[in-house]
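**Q** Okay, here's the structure, questions in a sec.
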Amino acid sequence: MAPILCIAGPTAAGKTALALAWAVRRGGVEIISADSALIYRGMDIGTAKPSAAELAAVPHHLINTHDAAQSYSAAAFARDAHRLVADITQRGHTPIIVGGTMLYIKALMDGLHELPPADSAIRAEIDAQAAQQGWPALHTELAKVDAASAARLAPGDSQRVQRALEVFRITGRPLSAFHASAQQILPPMPLQLVSLEAQNKAWLHQRIAQRTALMLAQGLVDEVQGLKKRGDLHLDLPSMRCVGYRQTWQMLDGEFPAAELAERISTATRQLAKRQMTWLRSMAGRQVLPAEEGHAAQLAQLLA
């Protein structure tokens, strides 16, 4: 398989705009989203989802595919991405992968390995422990038994901290050891990884603040209120842990005043961007484009 172009980078760096410009310029391109938030229907404002016009201009995949009550994993993404690349290529088109969910991109680069199935009893046990002690305490516990997994996971990443602890409690082996030695069930996908990275941190932070202000002006609070009124969603779901949605939900629950919401979202987004950059720096072979100047012409020159 020829390498597939993958445009990655931290949130608010301009990945969507660059990908759309490149796709229109080149023609015959279909975009596969590698963003864990864009899969959810009804979550448009806080995810900075491409507009209807943008979605119509270039074929997109893995956007609006799931309900907010559903979960979606890196393994499911890898399987879907392999299938979509084959389908798009068969149509004579060019697939490109675009997004900032680094665990998804890593799943493509590393391939999938056979792991122990979920154990509902152990998950319930971990959830009960988290309710008492908090997820940062469980992250500390994970660091003692699987330092490699703990190093790449944020203390508040409850879904992935839970899974890493679950695997260890089922098998007595760290999840990182399974990634290194377990039987491969899906091969690595060859990627040409182009990373859109801000050379000036203040520039990215300003972009994040501007994006947050725009989301709030567009009605993020109303969007979250509508999701909250459904009655079947809660903050432990992956969808509601998305940056912007969690903070808005907490504000609506009265955990802090509305006047603090913009700064809370911006702070959480900056922290997300920092984690994304940590992932990217660990990925071999990435080609860096300055986000401040990330135009399609530069990408064309890089790929020439």
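The values are calculated or read from the model by the stated rules, or taken from the named source; none is laboratory data. Treat the numbers as computed from the prediction; the structure is a model and nothing was measured. Counting neighbours? That spans all protein chains shown, and the Cβs are built from the backbone with ideal geometry, glycine included.
**Q** Mind checking which residues of the stretch 24-34 are on the phi < 0 side of the Ramachandran plot and surrounded by fewer than 22 Cβ atoms within 10 Å (Cβ to Cβ)?
**A** 24, 25, 26, 29, 30
**Q** Please determine, by comparing only the residues of the stretch 35-55 that are small (Gly, Ala, Ser) and crowded, with 20+ Cβ neighbours inside 10 Å, which one is farthest from the chain's Cα centre (by Cα).
**A** Once the filter is applied, the top-ranked residue is 46.
**Q** A further question follows. Tell me yes or no: at least one residue of the stretch 205-222 is within 22 Å of the chain's Cα centre (by Cα), outside the structural domain of residue 69 (by TED's automatic domain parsing) and among the acidic types (Asp, Glu).
**A** There is no residue in the stretch 205-222 that is within 22 Å of the chain's Cα centre (by Cα), outside the structural domain of residue 69 (by TED's automatic domain parsing) and among the acidic types (Asp, Glu).
**Q** Moving to a separate point now. Can you report the number of residues in the stretch 81-131 which are in a helix (DSSP H, G or I) and either of a type in the set (A, V, I, L, M, F, W, C) or within 18 Å of residue 34 (Cβ to Cβ) (or both)?
**A** Number satisfying all stated conditions: 25.
**Q** Can you name the residue in the stretch 71-119 that is small (Gly, Ala, Ser) and loosely packed, with under 15 Cβ neighbours inside 10 Å and is also nearest to residue 170 (Cα to Cα) among such residues?
**A** The selected residue is 118.
**Q** Still on this structure, please answer the following. Anything in the stretch 1-51 that is of a type in the set (D, E, K, R), in contact (Cβ under 8 Å) with a residue 40 or more places away in the chain and under 28 Å from residue 247 (Cβ atoms)? List them, or say none.
**A** 15, 35, 44
**Q** OK, next. Of everything in the stretch 17-43, what is more than 19 Å from residue 80 (Cβ to Cβ) and in a helix (DSSP H, G or I)? Give them in sequence order.
**A** Within the stretch 17-43, 17, 18, 20, 21, 22, 23, 24, 25, 26 meet the criteria.
**Q** Within the stretch 149-175, count every residue that is among the polar types (S, T, N, Q), under 12 Å from residue 119 (Cα atoms) and surrounded by fewer than 21 Cβ atoms within 10 Å (Cβ to Cβ).
**A** Matching residues across the stretch 149-175 total 1.
**Q** Go through (1) of a type outside the set (D, E, K, R); (2) in a loop (DSSP other than H, G, I, E, B); (3) not assigned by TED's automatic domain parsing to the domain that holds residue 97 for residue 267 and report which single condition fails.
**A** Failed condition: (2).
**Q** Give me the pairs: first residue in the stretch 231-258 and under 20 Å from residue 35 (Cβ atoms), second residue surrounded by fewer than 17 Cβ atoms within 10 Å (Cβ to Cβ) and hydroxyl-bearing (Ser, Thr, Tyr), beta-carbon distance under 8 Å, and six or more apart or on different chains, which are they?
**A** From the stretch 231-258, the pairs are 237/71; 238/71.
**Q** Output yes when any residue across the stretch 120-134 is under 19 Å from residue 104 (Cα atoms) and crowded, with 17+ Cβ neighbours inside 10 Å, and no when none is.
**A** no
**Q** Can you pull out the residues in the stretch 137-148 that are assigned to a helix (DSSP H, G or I) and touching a helix residue (DSSP H, G or I) at 6+ places or on another chain (Cβ under 6 Å)?
**A** The answer is 138, 139, 142, 143, 145, 148.
**Q** Sticking with this one: Hey, among the residues in the stretch 229-266 that are surrounded by fewer than 17 Cβ atoms within 10 Å (Cβ to Cβ) and touching a Ser or Thr at 6+ places or on another chain (Cβ under 9 Å), which one's farthest from residue 14 (Cα to Cα)?
**A** Filtering first and then ranking leaves 236.
**Q** Hey, can you tell me all the residues within the stretch 56-70 that are surrounded by fewer than 16 Cβ atoms within 10 Å (Cβ to Cβ) and β-branched (Val, Ile, Thr)?
**A** Listed by number, the list holds a single entry, 65.
**Q** What number of residues in the stretch 120-148 are at pLDDT below 90 and of a type in the set (S, T, N, Q)?
**A** Residues meeting the conditions: 1.
**Q** One residue is enough: does the stretch 192-208 have a residue meeting the conditions surrounded by 13 or more Cβ atoms within 10 Å (Cβ to Cβ), at pLDDT 95 or above and small (Gly, Ala, Ser)?
**A** Scanning the stretch 192-208 turns up no residue that is surrounded by 13 or more Cβ atoms within 10 Å (Cβ to Cβ), at pLDDT 95 or above and small (Gly, Ala, Ser).
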